[in-house]
Every structure is written in C-alpha cells, then in structure tokens.
Amino acid sequence: MRPHKAAPFTSAPLLRRRAALIALAALALLPALPAGAAEPIRIGELNSYKAQAAFLDPYRKGMELALKQVNDAGGVLGRPLELISRDDGGNPGDAVRVATELLTRDKVDLLTGTFLSHVGLAVAELAKRRKVFFLAAEPLTDKLTWADGNRYTFRLRPSTYMQVAMLMPEAVKANRKRWALVYPNYEYGQSAAQTFKTLLKAAQPDVEFVAEQATPLGKIDAGPVAQAIADAKPDAVFNVLFAADLARFVREANTRKALDGTFVVSLLSGEPEYLDPLKDEAPTGWVVTGYPWYAITIPEHQAFLDAYRAAYGDYPRLGSIVGYATIKSLAAGLAKAGSTDSEKLVAAFEGLEVDGPFGPFTYRASDHQATMGAFVGTLAVKDGRGVMVDPVYIDGASVLPSDAEVSKLRPAAN
C-alpha cells in the first residue's frame, strides 16, 4: 500500500494572516465607489438575449433609459440602482443556474426578467425555494400567476388569458364556425391555444376546431404548416406564432394563398418587433394585439416616446415598453418597501401603483398580476410597411377574473 503523505504543517496564526491578505487583495479588485456614495441596489436580470434579440435588444434599451432617469433623480432610498444582466440561454436549466449565480456570486438584492414562459416558470420556482423577490417581465403563461403562482413572484405583461380575452369580442363578432389554430409547441403557445378554445366555446357553443398545428419554437416548417391549414378549409384562424416563425408562416401563407378570405385573430402580431420585418408582406385584416407607437395619444406615452427617441435616435418597440416599465416598477416597489428585503418587497408590490407609458397600473394582491393593458387593432399596409389601424387600448383590469375566482385558480399560493 502506498504510504500516505502528510500535508506540511502550517501554524494557525500564519493561516489567519494569509487569509487576511487574500481578503484585502480581493477587496482591492472591487470597483471603488465615489467618496460618500451609497452602496447600489443590485438588480439581477436574466433573459434570452441571443435567442430573442428582436424583442430583447429594445427591452434592454428601455431598462437603461428608466435606470438613468431613476438614478439621475437620486436613485431609490438614497442609493443608485445597478443592473446586472445575464443571458439565460433560452432554457430552464441554464436560467436556474444563472439566477443562482446572480444571487450567490453577484449578491443581487432581487431578480427580474425572463422572456420564454417555461424559463419564467423555472425561475419562479427558484424564487419560491430561495424566498427571493422575482418580477417576471415578459413570460405570458397563465401558470405563472395562477396554477403555479407563489408568494415571491409577480408579473408585468398581460398574460395569455388577458390578451386572448382582449381579442375575444372580435372573434365572437365574426361568428365563424370552423377554426384552425397554429401555435409554438411550448408553454406559452399551449396556454394561449387552450384559453382561446375555452373562451370561444363558452361564447359560441357550436364552434368547431378543425385543425391544430403545434410547431417547434424557432424551427417551423412553414410551407407544410400553411398547407395543412388550407387543406382543413377553416373560415377562421387563431395564430400564436411570433418572431421568425411568424414571418416564415406569413410568407408561405401569402405564396400559397392559404389564408385568402379567412378571418384571422393573432396574439402579438401588431408588435413592431415582429411586424416591421415583414414590410409590405404584412398580412392585412388580421385582428391583433400589439403596440402602435405611432398612433398613441396618451400623455405618458408621448413623454416616454420623446425621451426614448432623444436617447437612441430610434422609435421604441414593445420590448422597450416592457423594459422601461420593469425598472419603473422596481423603483416604485423599493421606495414603498423602504428596503430590499424580499418579504417587505412582496408586501409593497401587493397593490402597488405604478406610472407607466400607457398610464397608471396596479399589481394585484390576489394574483400578483399587473393590470397594464395592451392595444387591439387591425393590420394594414401603409407606405410599404405593416401598421395597426383603429387601435384601442384595453385596460388589463377589465379582462382579469375577480379575486374570488383567482382564489380557485391559484391553489398552490393559498
């Protein structure tokens, strides 16, 4: 047997001295705060920047604009806000790892961000387990605030249920019997499709769903999908595709005339991120949720629009709104809480009122969902690009279930 080699002996005082020198060296590497400057409030933010750049590049700009406004006004609680952002890889496993690193290595005070619904759910579960405050900026699945809702998670954007409910009056008014559905086959798309079928069936019992195309996220084979819908001969289509999948589907549908004479309602398709790349190929007559920045007369939006253009020399996208409202929400919540403590932040956010670019909105105590709304309008082509015409702002509070209903939808958080 090989003899065990003993470790060299080192005295305890010498060990303590070495540890002290290492600690001093580590401190010397940290960026020095200006004399008298307060320790920043560190916001840990993670998102799918590489996978969803069309939405998240403007989102980052919106966050940075709000961050500058807050810090130029003196910060929050006498402290500047510091944003520490990381890419979550677009998948739940990486997101949980990144969020954990933000908490343990970067010592952030809270978490925010995420785009994809299954990623948001994974980070929400981590927030619950670690008892840390998490403001989900973008993921839309209803599970986030209802079935899988928890004490530490809040959501800014209107959920799939809310946006489907905003489209429902037009879908019912069209009185079409044969519907086809096309959606990305992951949590967001599945949630939206199920909500649409449930709400439409309740309003129009004789409706038929004659085709469903559930496509892999970011990898749609658009030609066969468009043809399968055409072959089913629907008189109406509910679309949930977005980003590059939406553009490919629209172009194939146009080429094959697959949707000619078909009534279409569509989530997110009026957002500039997804509409602008289509230019004059944009579909016409679709009823959509979106962001017609060029047609909004709300004073709060005009102030935001002017500031955004001055900062970036460009018009905002919906991502810009979400990023901006996220930071404004956190600043308002921190100020109300008077602390970065997660328990105090939760208490502060329940019923928190925030001034956003679409006007004031509230985070509901019952389900932690913000009442920020969205615009509904019809797509048209004008001056060689797609636009929303006759847009109407729908207040999120008007399409949310009552607190009594929420208590049944949110059993895990009760």
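The values are calculated or read from the model by the stated rules, or taken from the named source; none is laboratory data. Here the structure is a predicted model, which is why all the values come from computation and not from measurement. Note: ideal-geometry Cβ built from the backbone for every residue, glycine included; neighbour counts use all protein chains shown. Heads up: the accessible areas ignore ligands, DNA and RNA and are worked out on the full protein's heavy atoms, side chains in. Shrake-Rupley method; radii C 1.70, N 1.55, O 1.52, S 1.80 Å.
List of remarks:
- Among the candidates E82, E101, E64, the residue that is of a type in the set (D, E), in contact with a strand residue (DSSP E or B) (Cβ under 8 Å, 6 or more places away or on another chain) and within 27 Å of A374 (Cβ to Cβ) is uniquely E64.
- Residues located in the stretch 183-202, provided they are closer than 12 Å to D142 by Cβ and either part of a strand (DSSP E or B) or among the charged types (D, E, K, R) (or both): E187
- Of residues in the stretch 50-91 being of a type in the set (A, V, I, L, M) and not in a helix (DSSP H, G or I), the one farthest from L345 (Cα to Cα): A51
- Within the stretch 325-338, one or more residues are in contact with a Gly (Cβ under 7 Å, 6 or more places away or on another chain) and open to solvent by 30 Å² or more (accessible area, probe 1.4 Å).
- Among residues of the stretch 272-303 being farther than 29 Å from R176 by Cα and among the aliphatic types (A, V, I, L, M), the one that is surrounded by the fewest Cβ atoms within 10 Å (Cβ to Cβ) is A303.
- Answer residue from the stretch 263-289, given it is small (G, A, S) and part of a loop (DSSP other than H, G, I, E, B) and is nearest to A374 (Cα to Cα) among those: G285
- Among residues of the stretch 340-362 being of a type in the set (G, A, S) and more than 19 Å from P316 (Cβ to Cβ), the one that is most open to solvent (accessible area, probe 1.4 Å) is A347.
- Where helices (runs of 4 or more DSSP H) sit wholly within the stretch 301-414, those with at least 2 residues that are of a type in the set (D, E) and within 19 Å of A165 (Cα to Cα) occupy 403-409.
- Total residues in the stretch 241-267, condition of a type outside the set (K, R) and surrounded by fewer than 18 Cβ atoms within 10 Å (Cβ to Cβ): 5
- Within the stretch 203-220, no residue that is in contact (Cβ under 8 Å) with a residue 40 or more places away in the chain and assigned to a strand (DSSP E or B) sits with its Cβ atom under 8 Å from a residue that is open to solvent by less than 20 Å² (accessible area, probe 1.4 Å) and of a type outside the set (A, V, I, L, M) at 6+ positions apart or across chains.
- Filtered residue count, the stretch 144-166, keeping only those that are buried (at least 23 other Cβ atoms within 10 Å of the Cβ) and part of a helix (DSSP H, G or I): 7
- Flag for A404 being without any contact (Cβ under 8 Å) to a residue 40 or more places away in the chain and either closer than 24 Å to K68 by Cα or aromatic (F, W, Y) (or both): no
- Within the stretch 377-388, considering residues that are open to solvent by 20 Å² or more (accessible area, probe 1.4 Å) and in contact (Cβ under 8 Å) with a residue 40 or more places away in the chain, the one nearest to D403 (Cα to Cα): T378
- Scope the stretch 84-131; condition among the polar types (S, T, N, Q) and surrounded by 24 or more Cβ atoms within 10 Å (Cβ to Cβ); matching residues: T112, T114, S117
- Check on R178, touching a residue at least 12 places away in the same chain (Cβ under 8 Å), touching an Asp or Glu at 6+ places or on another chain (Cβ under 7 Å) and surrounded by 19 or more Cβ atoms within 10 Å (Cβ to Cβ): no
- Residue within the stretch 22-37 that is over 19 Å from R317 (Cβ atoms), touching a Gly at 6+ places or on another chain (Cβ under 6 Å) and modelled with pLDDT of 50 or more present: no
- The set of residues in the stretch 194-215 that are open to solvent by 70 Å² or more (accessible area, probe 1.4 Å) and not aliphatic (A, V, I, L, M) comprises Q194, T198, K201, P205, D206, E208, E212.
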